[in-house]
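> Here it is: the structure, laid out below.
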Amino acid sequence: MIHILYIGCHPEISETVLRLIRGRQDWSGVAAATDSEALRLFTENDFDLVLLGCGLSDESESELTKQFNRRKPEVPVVAHYGGGSGLLANEILSALGQ
């Protein structure tokens, strides 16, 4: 099972991304709407991948990526700003080397 953390500020987009992630039998997903929630979830869970979604400031993206890389450098952090389910799946699989 591939566990994915999605971070995004728009609830409707987060719901859509989670639906796409959870639509695959071998993937599970959790969403965070704030930096602090994302860091808490990342610390408390074993994620295989982090997706940075739309609505995050450049500063948030940079700081979150730095924090994630410092805590668990083996977990890829990928920016995902939309583009459909095919693009999402390809970004995830590519980041995981599959």
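Throughout, read-outs are computed from the coordinates displayed, never taken from laboratory work. These numbers come from a predicted model, not from an experiment. A quick note on method: Cβ atoms are made from the backbone with ideal geometry, for glycine too, and the neighbour counts reach across all protein chains shown.
> Before we move on, is residue 20 closer than 21 Å to residue 87 by Cα, crowded, with 16+ Cβ neighbours inside 10 Å and within 11 Å of the chain's Cα centre (by Cα)? If you could, list the steps in order and put the result at the bottom.
Working: closer than 21 Å to residue 87 by Cα: yes; crowded, with 16+ Cβ neighbours inside 10 Å: yes; within 11 Å of the chain's Cα centre (by Cα): no.
So residue 20 does not fit the description; no.
> Restricting attention to the range 61-98, which residues are exposed (fewer than 14 other Cβ atoms within 10 Å of the Cβ) and of a type in the set (D, E, K, R)?
66, 70, 71, 74
> Next up: Is it fair to say residue 48 is out of contact with any helix residue (DSSP H, G or I) (no Cβ under 7 Å at 6 or more places or on another chain) and more than 23 Å from residue 20 (Cα to Cα)?
Values: out of contact with any helix residue (DSSP H, G or I) (no Cβ under 7 Å at 6 or more places or on another chain): yes; more than 23 Å from residue 20 (Cα to Cα): no.
Taking the combined requirement at face value, the residue does not satisfy it.
> I would also like to ask the following. Can you find a residue in the range 39-60 that is surrounded by 13 or more Cβ atoms within 10 Å (Cβ to Cβ), over 13 Å from the mean Cα position of the chain (by Cα) and under 24 Å from residue 73 (Cβ atoms)?
Yes, the range 39-60 contains a residue that is surrounded by 13 or more Cβ atoms within 10 Å (Cβ to Cβ), over 13 Å from the mean Cα position of the chain (by Cα) and under 24 Å from residue 73 (Cβ atoms).
> With the condition kept exactly as written, say whether any residue in the range 37-51 is of a type in the set (Ser, Thr, Tyr) and free of Cβ contacts under 8 Å to residues at least 12 places away in the same chain.
Within the range 37-51, the subset of a type in the set (Ser, Thr, Tyr) is 43.
Checking which are free of Cβ contacts under 8 Å to residues at least 12 places away in the same chain leaves us with none.
No, that holds for no residue.
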